[in-house]
C-alpha cells in the first residue's frame, strides 16, 4: 500500500486503537505499508505509550460517573471503560474517571468527541487516557457520554459506580429528584409514559400478545374485535410495568410514581431520563 492509499479512516482507526497522534499514525502506516498491526508495533518501537494489539478487546467493565452543574440545569453521565473489575474497583481509577466527569461539567462538554479534546492541568483527556492505558496495561476509554439539559436535573450513582441515572424535570424537584432517580435505577423503565415508548416497541408487544391470545384454545372462533380488546388490556399492563409514571413507587407501593410526583407538586413532571449501567 502506498502513502496515497492510506485514508483518513485508516489513520483514525489507528488513533482510536493506540491513542497516538494523527501525524504519528500517518507515519506509522506509511512506514509499514498500511499494515495495521505492524503500525502498532512501529509506534511501540518508537517509544509511543500504546498497548500492543488490544484494539479488538471488549471493555465491559469500568466506572460510571453522574454529575450535575451547580445550578442543576445540566447533567452528564460519563462511562470510563476498562477490561477488568480489578481495575474499575481501584480507588485511583475511580478518581481518574471522576476527574474526567468533573472536566466535562466545568467545560460544558456536549459529546464524547469534545470531551477527549478537553484539557485538564495542561494535558488533553485523550492523552491522559493513553497514559493510563499504558500504565495499567488495559484497554480503557470514554465508552459513553450522556447529557441532559432542563429546568432541573437530578443525578444518582448506584452500585459502586456501576450505574448512573439522570432525570430531567420541568421545575425544581428537590429531594424528590433523587427519589425518582433511584426509582429509575431500580425499576429500569422504558420511557416516562406510554406516549414516549417507541412505536416499534409498542407494535412488537402488540404482535406478541395478540399471537398469545389467538393461540389460546379458549379463544378459538372468537371475533377479531374481542382479541384486539384483550390485547389492549395486556398492552396497558405492559405500560404500567414499564413506564415510569405508571410504575408503583418503590418507596411507597400504595401509589404510582405519577401520584408521588403530584403529592410533591401538582405541576412537577419528568421530561426525560438517562440510565447507564455496566455489563
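The values are calculated or read from the model by the stated rules, or taken from the named source; none is laboratory data. Remember, predicted model here, so these are calculated numbers, not experimental data. Please note: Cβ atoms are built from the backbone with ideal geometry, for glycine as well, and neighbour counts cover all protein chains shown.
Every residue in the stretch 71-108 that is surrounded by 15 or more Cβ atoms within 10 Å (Cβ to Cβ) and on the phi > 0 side of the Ramachandran plot, please. Within the stretch 71-108, 72 is the sole residue that qualifies. Output the residues belonging to the stretch 109-123 that are surrounded by 14 or more Cβ atoms within 10 Å (Cβ to Cβ) and touching a helix residue (DSSP H, G or I) at 6+ places or on another chain (Cβ under 8 Å). Within the stretch 109-123, 109, 115, 116, 118, 120 qualify.
In the set (1) in contact with a strand residue (DSSP E or B) (Cβ under 7 Å, 6 or more places away or on another chain); (2) over 20 Å from residue 103 (Cβ atoms); (3) assigned to a loop (DSSP other than H, G, I, E, B), the condition left unmet by residue 222 is number (1).
Residues that are within 22 Å of the chain's Cα centre (by Cα), at pLDDT 90 or above and under 30 Å from residue 152 (Cα atoms) do not occur anywhere in the stretch 223-240.
Which one of these does residue 44 not meet: (1) at pLDDT 85 or above; (2) farther than 29 Å from residue 145 by Cα? Against the list (1) at pLDDT 85 or above; (2) farther than 29 Å from residue 145 by Cα, residue 44 comes up short only on (1). Here is the figure for the stretch 242-267: residues that are assigned to a loop (DSSP other than H, G, I, E, B), farther than 18 Å from residue 195 by Cα and in contact (Cβ under 8 Å) with a residue 60 or more places away in the chain total 4. In the stretch 220-240, is there at least one residue being touching a residue at least 40 places away in the same chain (Cβ under 8 Å), in the same structural domain as residue 253 (by TED's automatic domain parsing) and either closer than 24 Å to residue 71 by Cβ or crowded, with 16+ Cβ neighbours inside 10 Å (or both)? Yes, there is a match, as at least one residue in the stretch 220-240 is touching a residue at least 40 places away in the same chain (Cβ under 8 Å), in the same structural domain as residue 253 (by TED's automatic domain parsing) and either closer than 24 Å to residue 71 by Cβ or crowded, with 16+ Cβ neighbours inside 10 Å (or both). If you take the residues in the stretch 30-46 that are farther than 13 Å from residue 15 by Cα and touching a helix residue (DSSP H, G or I) at 6+ places or on another chain (Cβ under 6 Å), which one is surrounded by the most Cβ atoms within 10 Å (Cβ to Cβ)? The qualifying residue surrounded by the most Cβ atoms within 10 Å (Cβ to Cβ) is 42.
Before we move on, is residue 66 modelled with pLDDT of 90 or more and either under 22 Å from the mean Cα position of the chain (by Cα) or at positive phi (or both)? Against the criterion (modelled with pLDDT of 90 or more and either under 22 Å from the mean Cα position of the chain (by Cα) or at positive phi (or both)), residue 66 qualifies.
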